[in-house]
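The structure appears right after this line, and notes come after that.
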Amino acid sequence: MIKVKKRRVLLLPGDGIGPEVIAEVKKVINWFNDKKSLDFEIDEDLVGGISFDKHGTPLTDEVFYKALESAVIMLGAVGGPKWDGVEFSKKPERALLKLRKELKLFANLRPAICFEQLVNASTLKPEIVSGLDILIVRELTGGVYFGEPRGIKPIENGERKGVNTHTYTSSEIIRVARVAFDLAKKRSNRVISCEKSNVMEAGQLWKEEVQSLHDKDYKDVELSHMLADNCAMQLVRNPKQFDVILTDNLFGDMLSDEASMLTGSLGLLPSASLGAKNKDGEMRAMYEPIHGSAPDIAGKGVANPIASILSFAMALRYSLDLDNEAEALEKAVQEALNDGLRTKDIMSDKMKEVSTSQMGDAIISKLQ
Ligand code: NAD
């Protein structure tokens, strides 16, 4: 069994703007090492298209083993049109799915926070999104994306049938629900669990297991259930009614994208994918911005590094138990925005446009 090294941070910048935004994260980590003596051990390697170009695979065994022994993996982004023609099993995105699946990162946390300074960047009215702070907890390694049987097969009359299977076991539901309840306790203590228990048996099981875990271990947390289609509607009608949303892989995929757009820019939102804690309290986890490799702006120095820097703040909080440092970093981001500094994606009237590295430097200067 490969042990997790507590202070090991593996940087996997990947493709497109990945290296540009992860370079800013590296500066932040070095700042914590130099100024706060936090002793993070940084390692860096290839993943995605760049790994395919060099090694013929998007994730080498060597990098996979490095990932296994790292407490924190900071991923930039993978993919781009350059690898469109590559066979399915070698596509850059396969590296991500393998890391999530093999490291058993079953809980995906996606905060959707609306920065007060950027309230006007949302497509919704300012009064609807101002002060928004939602955390979506999405199950990441089960459900219809992984269930068997699956595939496309010929049937009678020259027709074909596409099959995917939506399955969940009690333990898969309970372990992710536990994450949601534990996180809710650190926030406003409310969980809304979303499924389609009205039309799907797996949804009915989801609802029953979440409720019974609540009744057994989390009576102090307020729990309610909502059908996933209603949740999609409520997210644009009145998003501030939510605190923690707990949901499965498929619905979580959609609801978290919807929630992220309430806040205005893809360049601002972090995410965490967490595994289970073992008996020694060790946990594997991967942190990444929710955006992709943005080939349209790659190499221009205009990418917004805030989503990646906030992903590292999540790593400080969830993997490294450094809540004060996480808060300081989040505050530094706010202060840089308060100073009117904006990367191109969030630029508006009377603000000062800065490059990727200028934004990183400004955030670090606020940490001082
Ligand atoms: P994208 O997120 O890369 O870009 C969408 C739009 O948002 C683009 O206009 C881009 O310029 C902009 N944008 C994204 N991040 C930004 C940032 N930090 N700062 C400023 N602007 C930013 O999505 P896409 O264009 O659909 O996908 C591009 C590639 O990324 C595809 O190959 C896709 O498969 C891949 N992708 C990877 C991941 C991942 O690695 N986790 C996630 C999504 C997409």
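Data table
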{"read-out": "Tally of residues being of a type outside the set (Lys, Arg), farther than 24 Å from residue 81 by Cβ and crowded, with 21+ Cβ neighbours inside 10 Å across segment 276-317", "value": "12"}
{"read-out": "Failed item in (1) modelled with pLDDT of 90 or more; (2) within 11 Å of the ligand (Cβ to nearest atom); (3) open to solvent by 10 Å² or more (accessible area, probe 1.4 Å); (4) over 13 Å from residue 72 (Cα atoms), with residue 265 passing the rest", "value": "(1)"}
{"read-out": "Of the criteria (1) more than 16 Å from the ligand (Cβ to nearest atom); (2) among the aliphatic types (A, V, I, L, M); (3) out of contact with any strand residue (DSSP E or B) (no Cβ under 9 Å at 6 or more places or on another chain), which one residue 297 fails", "value": "(1)"}
{"read-out": "Failed item in (1) in contact with a Gly (Cβ under 9 Å, 6 or more places away or on another chain); (2) in contact (Cβ under 8 Å) with a residue 40 or more places away in the chain, with residue 242 passing the rest", "value": "(1)"}
{"read-out": "Restricting segment 80-103 to residues that are of a type in the set (A, V, I, L, M, F, W, C) and within 20 Å of the chain's Cα centre (by Cα), the residue that is farthest from the ligand (Cβ to nearest atom)", "value": "103"}
{"read-out": "Residues of segment 354-368 classified as within 15 Å of the ligand (Cβ to nearest atom) and either more than 17 Å from residue 299 (Cα to Cα) or in a loop (DSSP other than H, G, I, E, B) (or both), total", "value": "3"}
{"read-out": "Candidate set from segment 2-41 (those that are in a loop (DSSP other than H, G, I, E, B) and closer than 27 Å to residue 89 by Cα); member that is most open to solvent (accessible area, probe 1.4 Å)", "value": "2"}
{"read-out": "Tally of residues being of a type in the set (A, V, I, L, M, F, W, C) and over 19 Å from residue 69 (Cα atoms) across segment 19-42", "value": "7"}
{"read-out": "Those residues of segment 211-223 which are open to solvent by 50 Å² or more (accessible area, probe 1.4 Å) and touching a residue at least 12 places away in the same chain (Cβ under 8 Å), in sequence order", "value": "211, 217, 220, 222"}
{"read-out": "Segment 147-193 - residue that is in a strand (DSSP E or B) and charged (D, E, K, R) and, of those, least open to solvent (accessible area, probe 1.4 Å)", "value": "190"}
{"read-out": "Qualifying residue in segment 341-348 (condition: assigned by TED's automatic domain parsing to the domain that holds residue 29, polar (S, T, N, Q), under 17 Å from residue 268 (Cβ atoms) and within 16 Å of the ligand (Cβ to nearest atom))", "value": "yes"}
{"read-out": "Helices (runs of 4 or more DSSP H) contained entirely in segment 42-135, each with at least 1 residues that are surrounded by fewer than 15 Cβ atoms within 10 Å (Cβ to Cβ) and touching a residue at least 60 places away in the same chain (Cβ under 8 Å)", "value": "61-68"}
{"read-out": "Flag for residue 227 being under 21 Å from the mean Cα position of the chain (by Cα) and among the aliphatic types (A, V, I, L, M)", "value": "no"}
{"read-out": "Every residue from segment 318-340 that is over 24 Å from residue 95 (Cβ atoms), away from the ligand (no atom under 16 Å from the Cβ) and crowded, with 23+ Cβ neighbours inside 10 Å", "value": "329"}
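The values are calculated or read from the model by the stated rules, or taken from the named source; none is laboratory data. Nothing here was measured: the structure is a model prediction, and the numbers come from that model. Don't worry about glycine lacking a Cβ; one is built from the backbone with ideal geometry, like all the others, and counts go over all protein chains shown. SASA here: full protein model, heavy atoms, side chains in, ligands and nucleic acids out. Shrake-Rupley method; radii C 1.70, N 1.55, O 1.52, S 1.80 Å.
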